[in-house]
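To start, the structure itself, in structure tokens.
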Amino acid sequence: MGVLLDHLNAWLAQIEGPNGHWQLFLMVFPYFLLLEVPLNLLVLLGTLRWFIREHSAVPLHRNWHPRVSVIITCYSEGKDVELTLRSLAEQTYPGMIEIIPIVDGASANATTTEVVRRFKAEQRLPANRVLRPIAKWQRGGRVSSLNTGLAFSSGEILINVDGDTSFDNDMVVRMVRHFVDPKVPAVAGSLRVRNARQSWIARIQALEYLLSIHMCKIGLAEWNLVNNVSGAFGAFRRDFLRQIGGWDTHTAEDLDLTLRIKSYFRRYRLRIPFEPRAIGHTDAPSTLRSFLDQRLRWDGDLFFVYLRKHRHAFTPRLLGWPNFLMLMLSGLFFQLVLPFIILGYSLVAVFILPFSAFVFYSLLIYALYLAMSGLLYLGLMLMVSERPRQDLALIWILPFYPLAMYALRCWSVVAILNETLRRGHEESSMAPWWVLKRANRF
């Protein structure tokens with residue numbers, strides 16, 4: 001203990017010298033920014049490349065309209081599922097669309113079941129739209145619903161969506177066009193928060209979806225580095241999905257499936273595009289409690305999938321070097337290691353730095369994160385946004401965005417510890433506890 005105090009006193013004496021401020025800066029500078037800044041620049045360069053390609057490419061009109069099956073996983077959406085069904089029935093896609101709403105635990109979700117039945121009975125669908133509802137009377141969980149849809153679907157292209165997500169009417173057209181390339185096994189769709197006006201929490205998430213998800217996927221997709229095909233909205237080549245065994249039990253089934261697809265990347269030279277113009281609209285948690293509960297599950301699932309279930313897949317022999325390095329950086333480091341570094345850095349700064357130095361470095365770091373967020377937002381408005389007036393309304397949230405992301409990073413520590421010590425993924429609402437327990441192999 002005495003040795004530590006001697007070192008601390010020597011350090012304090014050193015920073016009080018003539019070059020003390022410079023030495024202090026070098027000692028406490030958040031060096032993790034040296035990784036975050038290049039990643040954001042990679043995203044911006046990819047977005048610029050996408051923008052140039054989109055505006056210079058000659059439109060191609062292909063007479064290829066494969067049969068599409070849309071699996072809708074329903075549990076307790078109630079009347080919201082009607083909006084989802086209607087938005088799918090009104091798609092402009094000229095080919096056949098098979099709509100398969102699957103109500104999980106239908107006996108306990110009478111409202112959702114009744115809404116689906118009434119829609120089928122009352123709506124006159126076009127000749128190229130087929131509605132095939134499936135009621136699963138005993139609840140088996142989300143993965144059970146998805147695999148049921150896979151078994152009963154007949155489309156060449158399969159799109160999985162949540163029961164509370166609605167879509168722009170050109171969604172299917174934009175998603176399907178990527179499958180002309182036989183090297184594409186899956187396509188990621190874009191999600192927007194439709195209840196952004198409901199609360200501050202919802203507004204923060206609306207901006208997060210645009211900057212941290214939408215923009216990042218556009219930029220990373222240009223380098224074939226898409227990190228996840230969202231479970232709320234993704235498209236797959238049905239034959240490929242059947243060959244790899246469909247969805248697997250446990251939570252975070254979307255990340256699990258994406259990693260399994262990526263394990264074939266190097267062998268077959270596959271790619272996963274992101275379609276920013278295929279827009280889905282979903283409700284985000286509107287209260288702080290529900291928001292934190294959601295992120296507790298999301299971040300805990302990351303730890304489970306990356307380190308317990310798929311640690312063997314983190315090899316360039318399967319993924320190829322670009323995706324291997326990106327998964328190591330964005331998956332392992334940013335998601336699982338960086339939260340602990342940020343929290344530890346904050347605690348050290350609070351207890352060791354002089355107050356004036358603490359304020360200075362806090363403002364400096366805030367300014368750096370605000371500048372990065374501002375650049376992404378500017379890129380969004382100039383190159384990407386198809387709803388500029390709606391997105392411009394979120395500009396006043398931008399100054400609070402770095403603070404919210406910092407709080408989320410600290411909360412990630414809680415989520416990771418919860419999964420490490422208590423196997424928190426087994427407490428997920430995505431499936432009954434007995435399903436998760438019986439599938440517990442990791």
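Within region 273-314, restricting attention to residues that are more than 23 Å from ILE204 (Cβ to Cβ) and modelled with pLDDT of 90 or more, the residue that is surrounded by the fewest Cβ atoms within 10 Å (Cβ to Cβ) is ARG277. Applying the set (1) farther than 18 Å from VAL176 by Cα; (2) surrounded by fewer than 17 Cβ atoms within 10 Å (Cβ to Cβ) to ASN128 leaves exactly one unmet item: (1). All of (1) of a type in the set (Val, Ile, Thr); (2) over 17 Å from the mean Cα position of the chain (by Cα); (3) farther than 27 Å from SER145 by Cβ hold for ILE204 with one exception: (2).
Where in region 1-76 are there helices (runs of 4 or more DSSP H), lying wholly inside it, with at least 2 residues that are modelled with pLDDT of 70 or more? Walk me through how you get there before you give the answer.
Values: elements: 2-15, 20-28, 33-56.
Filter on region 1-76 gives 33-56.
Scanning region 351-370 for residues that are farther than 23 Å from ARG192 by Cα, assigned to a helix (DSSP H, G or I) and hydrophobic (A, V, I, L, M, F, W, C) turns up PHE351, ILE352, PHE355, ALA357, PHE358, VAL359, PHE360, LEU363, LEU364, ILE365, ALA367, LEU368. Taken across region 322-339, residues that are surrounded by 16 or more Cβ atoms within 10 Å (Cβ to Cβ), in contact (Cβ under 8 Å) with a residue 24 or more places away in the chain, over 16 Å from the mean Cα position of the chain (by Cα) and outside any helix (DSSP H, G or I) do not occur at all.
Does VAL172 fit the bill of being touching a residue at least 60 places away in the same chain (Cβ under 8 Å), crowded, with 24+ Cβ neighbours inside 10 Å, farther than 24 Å from ASP104 by Cα and touching a Phe, Trp or Tyr at 6+ places or on another chain (Cβ under 8 Å)?
yes
Across region 347-371, the number of residues qualifying as surrounded by 17 or more Cβ atoms within 10 Å (Cβ to Cβ) and among the hydroxyl-bearing types (Ser, Thr, Tyr) comes to 2. Taking residues in region 78-95 that are β-branched (Val, Ile, Thr), and partners anywhere that are part of a loop (DSSP other than H, G, I, E, B) and surrounded by fewer than 19 Cβ atoms within 10 Å (Cβ to Cβ), the pairs with Cβ atoms closer than 8 Å and at least 6 places apart or on different chains are THR92/ASN169; THR92/ASP170. When the criteria are applied in full, ILE261 meets the requirement of being of a type outside the set (S, T, N, Q), surrounded by fewer than 23 Cβ atoms within 10 Å (Cβ to Cβ) and farther than 29 Å from MET405 by Cα. Checking the structure you have, find out if any residue of region 105-126 is among the hydroxyl-bearing types (Ser, Thr, Tyr), closer than 19 Å to PHE233 by Cα and without any contact (Cβ under 8 Å) to a residue 60 or more places away in the chain. No, there is no match, as no residue in region 105-126 is among the hydroxyl-bearing types (Ser, Thr, Tyr), closer than 19 Å to PHE233 by Cα and without any contact (Cβ under 8 Å) to a residue 60 or more places away in the chain. Tell me, which strands (runs of 3 or more DSSP E) lie completely within region 95-175 with 1 or more residues that are more than 22 Å from the chain's Cα centre (by Cα)? The qualifying strands (runs of 3 or more DSSP E) are 97-104, 129-131, 134-136. Search region 36-66 for residues being in contact with a Leu (Cβ under 9 Å, 6 or more places away or on another chain) and not aliphatic (A, V, I, L, M), and hand back the single one that is nearest to PRO339 (Cα to Cα). That would be GLU36.
Quick one: which residue in TYR369, TYR377, TYR401 is at pLDDT 95 or above, within 21 Å of the chain's Cα centre (by Cα), more than 30 Å from ASP256 (Cβ to Cβ) and of a type outside the set (A, V, I, L, M, F, W, C)? Spell out how you get there, then give the answer.
Working: TYR369 fails: at pLDDT 95 or above; TYR401 fails: more than 30 Å from ASP256 (Cβ to Cβ).
Among TYR369, TYR377, TYR401, only TYR377 is at pLDDT 95 or above, within 21 Å of the chain's Cα centre (by Cα), more than 30 Å from ASP256 (Cβ to Cβ) and of a type outside the set (A, V, I, L, M, F, W, C).
All conditions but one from (1) under 30 Å from ARG49 (Cα atoms); (2) modelled with pLDDT under 95; (3) not small (Gly, Ala, Ser) apply to THR251; the one that does not is (1).
So which of GLY149, GLY140 ends up being modelled with pLDDT under 95 and either in contact with a strand residue (DSSP E or B) (Cβ under 6 Å, 6 or more places away or on another chain) or closer than 22 Å to SER385 by Cα (or both)? Walk me through it before giving the result.
Working: GLY140 fails: either in contact with a strand residue (DSSP E or B) (Cβ under 6 Å, 6 or more places away or on another chain) or closer than 22 Å to SER385 by Cα (or both).
The match here is GLY149.
Select from region 30-78 the residues that are among the polar types (S, T, N, Q) and over 24 Å from LEU158 (Cβ atoms) and list them in ascending order.
Taking region 30-78 and keeping what is among the polar types (S, T, N, Q), we get 40, 47, 56, 63, 69, 73, 76.
ASN40, THR47, SER56, listed by residue number.
The set of residues from region 372-400 being loosely packed, with under 13 Cβ neighbours inside 10 Å and outside any helix (DSSP H, G or I) comprises GLU386, ARG387.
So, in region 179-199, how many residues would count as being free of Cβ contacts under 8 Å to residues at least 12 places away in the same chain and more than 20 Å from ALA235 (Cα to Cα)?
Step one: filter region 179-199 for residues free of Cβ contacts under 8 Å to residues at least 12 places away in the same chain, giving 182, 197.
Next, only the ones that are more than 20 Å from ALA235 (Cα to Cα) stay: 197.
Adding up the residues that qualify gives 1.
The values are calculated or read from the model by the stated rules, or taken from the named source; none is laboratory data. On a predicted model such as this, the values are computed, not experimentally measured, just so you know. No Cβ is skipped: glycine too gets one built from the backbone with ideal geometry, and neighbour counts run over all protein chains shown.
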